[in-house]
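The values are calculated or read from the model by the stated rules, or taken from the named source; none is laboratory data. Please read these numbers as outputs of a predicted model, since none were measured by experiment. Every residue, glycine among them, receives a Cβ derived from its backbone with ideal geometry; neighbour counts consider all protein chains shown. These area figures cover heavy atoms from the full protein model, side chains too; ligands, DNA and RNA do not enter into them. Shrake-Rupley method; radii C 1.70, N 1.55, O 1.52, S 1.80 Å.
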Amino acid sequence: MAIVAPSLLSANYLNLEADCKMLNESEADWYHLDVMDGRFVPNISFGPMLIEFFRKATTKVCDVHLMIEEPGNYAEQFKNAGADNLSVHIEACPHLHRNIQQIKALGMKAGVAVNPHTPVSSLSDILHDIDLVCLMSVNPGFGGQKFIPYTLEKIKQLRKMITERGLDIHIEIDGGVTLENAPAIIAAGADVLVAGNTVFKAADQKAMISQLKKL
Ligand code: DX5
Ligand code: ZN
């Protein structure tokens, strides 16, 4: 059974309380929280202040995906805001190892996110230090984009690397996940499904989350 992590980027910001209540009552496992700085990605979303509110609204895992430059400058703020998992982009981190050590020293699970063009082999020398890989299946920056099919190949390669080394690391797929492509994503070896539009644009959001859990 996969971990289901609805992305709040697609929530209704005029009534976040209702969306949090729906998620809390649902079978969702994690809140996926997308932070964008308008530099690393061509969009701006929200920062630690809003995450503090989400933290108060739920006991579920707060899975924070930083799409920002120089994430090391903000790791402590996100810890204080209540992040449980903190993922940084490999493309934004020339000193990735230092960033990962910092995240772990602050007491959070450490994740590395990779853009569609970044080979999973580039994770080879950091894999044993991390808890989570966030494989982007769209170009980061926006919800509601189409899943890039080559991601399935990357999931298989990454799962093989993890198994061969006897590691315990989540493979999270982020972008364009639907009820239709999720079975292939899970079969390829992923265990965390991020879903923004698929959940929040559904007529029955809780039922959609249940369906994703049942796959
Ligand atoms: C994209 C974000 C995703 C996004 C996913 O940059 O990282 O988490 O919200 O949204 P959907 O599921 O709609 O593609
Ligand atoms: Zn994300």
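Using DSSP to call loops (not H, G, I, E or B), can you name the trypsin sites (Lys or Arg not before Pro) in the range 77-186 whose Cβ has at most 16 other Cβ atoms within 10 angstrom? Please report the intermediate quantities before stating the final value.
Details: sites: Lys79, Arg98, Lys104, Lys109, Lys146, Lys154, Lys156, Arg159, Lys160, Arg165; in loops: Lys146, Arg165.
Those satisfying the criteria are Lys146, Arg165.
Could you pull out which residues in the range 56-81 have an amide N less than 11 Å from a spot 7 Å beyond the Cα of His95, following the Cα-Cβ vector? Residues passing the 11 Å test: 72-73. For the range 3-214, just say rounded, prolate or oblate: build the C-alpha gyration tensor, square-root its eigenvalues into a ≥ b ≥ c, call rounded for a/c under 1.5, and beyond that prolate if a/b exceeds b/c, oblate if not. Here the range 3-214 falls in the oblate category.
Calculate the FRET efficiency for Gln211 and Glu76 from the Cβ-Cβ distance with a Förster distance of 41 Å, rounded to the nearest 0.05. The calculated FRET efficiency here is 0.60. Need the C-alpha centroid separation for the range 158-215 versus the range 1-48, integer Å. About 15 Å separates the Cα centre of the range 158-215 from the one of the range 1-48.
Once you charge only the Cβ atoms, +1 for Lys and Arg and -1 for Asp and Glu, what is the size of the charge dipole of the range 3-214 about its Cα centre, to the nearest 20 debye? Let's see the in-between values first.
Numbers: 19 positive and 25 negative charges, 48 e Å.
Magnitude of the dipole: close to 240 debye.
Starting from the coordinates of the alpha-carbon atoms of the range 154-211, obtain the Kirkwood hydrodynamic radius over all distinct pairs and give the value in Å to one decimal. Spell out each step's value before the answer.
Working: mean 1/r = 0.0811 Å⁻¹.
This gives a value of 12.3 Å.
Per residue of the chain, what 222 nm ellipticity follows from adding -39500 (n - 2.57) for every DSSP H run with n ≥ 4, rounded to the nearest 500? The partial results should precede the final answer.
Working: 8 runs with 72 residues, N = 215.
The helix contribution divided over the chain gives -9500 deg cm²/dmol.
Using C-alpha pairs under 8 Å with a sequence gap of at least 6, the mean separation divided by the residue count of the range 91-200 gives a relative contact order of 24 percent. Counting only protein heavy atoms and a 1.4 Å probe, the chain has 45 square angstrom of accessible area per residue. Here's the list of lysines a cross-link from Lys160 could span, going by alpha-carbon distance under 27 Å and ignoring same-chain residues fewer than 8 apart: Lys104, Lys109, Lys146, Lys213, Lys214.
Would you mind classifying the range 104-152 by shape? Square roots of the alpha carbon gyration tensor eigenvalues, ordered a ≥ b ≥ c; an a/c under 1.5 is rounded, otherwise it is prolate if a/b is larger than b/c and oblate if not. Oblate is the answer for the range 104-152, as a/c is 1.5 or above yet b/c matches or exceeds a/b. For Lys56, the aspartates and glutamates whose Cα falls under 20 Å of its own Cα, not counting residues fewer than eight places away in the same chain, are Glu17, Asp19, Glu25, Glu27, Asp29, Asp34, Glu76, Asp84. Placing a pseudo-label 7 Å from each Cα along the Cα-to-Cβ vector at Thr163 and Ala105 gives an inter-label distance of 3.6 nm. Based on DSSP, what percent of beta bridges with both residues in the chain are antiparallel, to the nearest 5? Just about 5 percent of them are antiparallel. Peptides 63-72, 41-50 ordered by packing proxy, namely the average of other Cβ atoms within 10 Å per residue, highest first: 63-72, 41-50.
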